[in-house]
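Just below is one structure, and these are the notes that go with it.
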Amino acid sequence: MANVASPLQYGDPPQLGRYVVQARLHTAPAGFVYLGQGPDGRAVSLGVLTRGAALDAAARDRFLTAVKESSGRSGARGWLGIGRARGSVIDGAPEVLEVDDGPAPWVAVPYAPGQAGAERFLEPVMVGGTFIGQAHGPDFVPYWLTDRAPALPGPLRRALPLTETRRRVLLAALALALLLVLVTTILLLLLFGRRDSEQMPRQLPPTVFVPTPPPTPATPVPQPSPSQSPSPTRTGPGTPGESPGDELGESPL
């Protein structure tokens, strides 16, 4: 089947492994097929799963199984370095040049205009069914079918040279030592600074108690005057035991 190349779109990978992605060749429900170029200038067909299919373990396994079986049929060495003599799970599968079986798997096959490329490995990802010997389907819509973004592999991290690794280890150790010195200094300042700020309580001088006399009032205290009894009148009855002459100063004879 002839594929018409179309420009790359936003989200398409610029490179897969050692292959530079140049254009889109085919779009399938389970993935995309790109036109790439190898380091030797050879044109290749690159098959990539969608992000939804790559996150599904069963779909990813169907894709890798088709690639693995095709690698064994064509005599290529598999992941374990042992060629497999079994037939391919799909008919007319192209030769596998390279495959990545990571979380975002992809496969590279030779590109031949007018012939099937990497899209043949995307067909087994979509599960179909049979009804009285006749193919039909798919019987259901996979839950990951709506996630149509290509599955991109993670960024490749180059191994740091030994000198760079040692330098980073030394810098980390130096930073840790400075941090420990700073923390120790702060703790010592807090400890000794608190001791210096806490003064000993002063002893109070002995108290000499001298009693003082009570205060004298400014005004004398009023004293009650003695009461005078009324003198008897002459017309009144005399005092018993007294004679009238006694009042006149006469002595009794």
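The values are calculated or read from the model by the stated rules, or taken from the named source; none is laboratory data. If you're wondering where the values come from, they're calculated on a predicted model, not measured in any experiment. Reconstructed Cβ throughout: ideal geometry from the backbone, glycine too, with neighbour counts over all protein chains shown.
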Flag for Glu95 being modelled with pLDDT under 90, more than 40 Å from the chain's Cα centre (by Cα), within 19 Å of Arg120 (Cα to Cα) and not in a loop (DSSP other than H, G, I, E, B): no
Tally, over segment 7-51, of residues that are among the polar types (S, T, N, Q) and at positive phi: 0
Residue in segment 14-24 that is out of contact with any strand residue (DSSP E or B) (no Cβ under 8 Å at 6 or more places or on another chain) and farther than 16 Å from Val99 by Cα present: no
Gly102 vs. criteria surrounded by fewer than 17 Cβ atoms within 10 Å (Cβ to Cβ) and modelled with pLDDT under 60: no
